[in-house]
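Data block below; observations after.
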Amino acid sequence: MGARFELEPGENVLADTRRHGLQGKRIKFPVITRCVLTDRRFVFFDLGRMAPFYMQLGFLLRPLVKGAPVSLPLDGMRVSRGVYFRNRNLLELESQNGSSVLLDRFEKSLEWLREILHNSGYGLTPTGGEEWMVAL
């Protein structure tokens, strides 16, 4: 029920966790999805058409819905405050090709990302008010 996530040769996992976020095409729905941060990319699992129903699934059925892995390269990734309607408490990660993901809880998500990157020798370089670039 979703593609398998595999590491590229020589790639190291920095964090593998579940994060709150919003997913969907026109209308976004709150979901809890697996997020993997490696030394090359950020991978989240897109639930696709199951996103509207995911939070209503019982704890027995939820593990069956994995989602498809979507990779965002860290090189040139823009990190900023995301906005969806009136919700400004979102962290947006956007790659150079335009792919993006919205993570919930701006302060907590930003601190999580910053701490993991810092512990791995990377960082976030400020580029504006509430906007950063990943520094490899």
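The values are calculated or read from the model by the stated rules, or taken from the named source; none is laboratory data. This is a predicted model, so every value here is computed, not measured. Don't worry about glycine lacking a Cβ; one is built from the backbone with ideal geometry, like all the others, and counts go over all protein chains shown.
Of the residues making up region 1-33, those that are buried (at least 16 other Cβ atoms within 10 Å of the Cβ) and among the basic types (Lys, Arg) are 19, 28. Contact map, region 24-35: first residue under 12 Å from residue 102 (Cα atoms) and assigned to a strand (DSSP E or B), second residue hydroxyl-bearing (Ser, Thr, Tyr) and modelled with pLDDT of 90 or more, Cβ cut-off under 8 Å, separation 6 or more or different chains; pairs are 35/17. The residues of region 74-98 that are out of contact with any helix residue (DSSP H, G or I) (no Cβ under 7 Å at 6 or more places or on another chain) and surrounded by fewer than 16 Cβ atoms within 10 Å (Cβ to Cβ), listed by number, are 75, 76, 83, 84, 85, 86, 87, 88, 96, 97, 98.
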